[in-house]
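Data first, discussion second: the structure below is written as structure tokens.
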Amino acid sequence: MPEVIRRGLEYSAAPGREPTLLDLYTPDGVSLPPLVVWIHGGGFVSGDRVHLPDTLSPGSIFGALTAAGFACASIDYGLAPAAYYPEPVRDVSAAIGFLVERAPRYGYDAARLGVWGESAGGLLALTAALTIPQVKAVVAWYPVTDVLAMPDDPEERDRESALLGVPAKSVPELAAEASPITHVTTAAPPCFLLHGDADGVVPVSQSLRMHERLLDVGADSTQRIVPGADHCFERYPDVPSLINESVGFLSSRLRG
């Protein structure tokens with residue numbers, strides 16, 4: 001399906017930081033499509049709104065969404081060391097506020113808004129879904145859901161320090177506040193968690209426990225454990241099918 005692309009829209013200009021940008025993809029000829037916000041990963045220190053993990057074809061997420069009749073906004077957010085929690089969370093909230101406010105200008109339906117994130121972006125997507133009422137569905141690929149439950153080894157400590165600015169165990173209350181699992185309530189929107197069972201970066205237990213917590217409160221939670229897949233679904237032979245499943249979930253929840 002043909003699409004209209006608007007690149008480099010400035011949605012936030014926090015003091016002391018460069019303006020924060022998003023790219024907006026809208027399907028041409030579709031009246032008031034639902035909107036999905038894509039949030040990249042990168043361990044809170046890298047990544048951007050343009051590039052996808054190496055296991056995905058360039059632009060494949062954005063193309064799959066517009067082909068299915070969705071608008072898609074891919075956002076940047078503050079990265080360490082320039083920004084620590086809660087700045088990335090505030091950036092996501094600001095992006096969603098910007099997109100909701102400008103829905104009439106760009107022609108999508110902000111009442112049918114979903115978020116989709118991978119890895120670090122999965123944490124941010126889940127946090128947005130659990131704390132921002134405008135979010136009506138969420139897809140999270142191999143997300144960190146409980147910062148304090150991450151493995152205690154140097155590589156993982158560095159990653160969580162990149163979110164918090166200090167080791168997680170030195171600030172347990174802040175680490176809990178930054179963890180999506182802490183924010184689960186009966187108001188949680190429909191959630192789709194996808195995680196490889198051989199993930200050596202973010203253990204699959206992070207999604208398993210999140211799924212259990214969501215079910216405990218009666219939320220609509222779907223879980224997909226991907227056999228043999230490492231982080232970013234490395235070693236899984238059919239990543240495009242996981243994109244299709246994710247788009248299908250969003251379609252079922254945002255168009256139902």
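Select from segment 104-146 the residues that are surrounded by fewer than 17 Cβ atoms within 10 Å (Cβ to Cβ), part of a helix (DSSP H, G or I) and in contact (Cβ under 8 Å) with a residue 60 or more places away in the chain and list them in ascending order.
Matches in segment 104-146: TYR106 only.
Among the numbered conditions (1) open to solvent by less than 10 Å² (accessible area, probe 1.4 Å); (2) in a helix (DSSP H, G or I), tell me where ALA64 comes up short.
Unmet condition: (1).
Restricted to segment 241-256, and to residues that are open to solvent by 80 Å² or more (accessible area, probe 1.4 Å) and at pLDDT 95 or above, which residue is farthest from PRO33 (Cα to Cα)?
Here the residue is ASN244.
Is it the case that segment 72-93 has a residue that's of a type in the set (Asp, Glu) and closer than 19 Å to SER179 by Cα?
Yes, segment 72-93 has at least one match.
Give the residue that is surrounded by the most Cβ atoms within 10 Å (Cβ to Cβ), with candidates limited to residues of segment 201-213 that are more than 17 Å from HIS231 (Cα to Cα) and touching a residue at least 24 places away in the same chain (Cβ under 8 Å).
MET210
Give the residue that is nearest to the chain's Cα centre (by Cα), with candidates limited to residues of segment 67-97 that are aliphatic (A, V, I, L, M) and open to solvent by 30 Å² or more (accessible area, probe 1.4 Å).
VAL89
Determine whether segment 214-233 contains at least one residue that is farther than 25 Å from CYS72 by Cβ, in contact (Cβ under 8 Å) with a residue 40 or more places away in the chain, among the aliphatic types (A, V, I, L, M) and open to solvent by 30 Å² or more (accessible area, probe 1.4 Å).
No, segment 214-233 has no match at all.
Restricting the first residue to segment 13-25 and requiring it to be of a type in the set (Val, Ile, Thr), which pairs with a second residue that is in a strand (DSSP E or B) meet a Cβ separation below 9 Å and a spacing of at least six or different chains?
Cβ pairs passing all conditions: THR20/GLU10; THR20/TYR11; THR20/SER12; THR20/ILE75.
Are there any pairs with C-beta distances below 8 angstrom linking a residue in segment 173-188 that is more than 16 Å from THR222 (Cα to Cα) to a residue that is at pLDDT below 95 and of a type in the set (D, E, K, R), with the two at least 6 apart or on different chains, and if so which?
Note: pairs meeting the criteria are ALA175/GLU160; ALA175/LYS169.
The values are calculated or read from the model by the stated rules, or taken from the named source; none is laboratory data. Since this is a predicted model, take the numbers as computed values, not measurements. Note that we place each Cβ from the backbone using ideal geometry, even for glycine, and neighbour counts take in every protein chain shown. These accessible areas exclude ligands, DNA and RNA; they are computed on the full protein's heavy atoms, side chains included. Shrake-Rupley method; radii C 1.70, N 1.55, O 1.52, S 1.80 Å.
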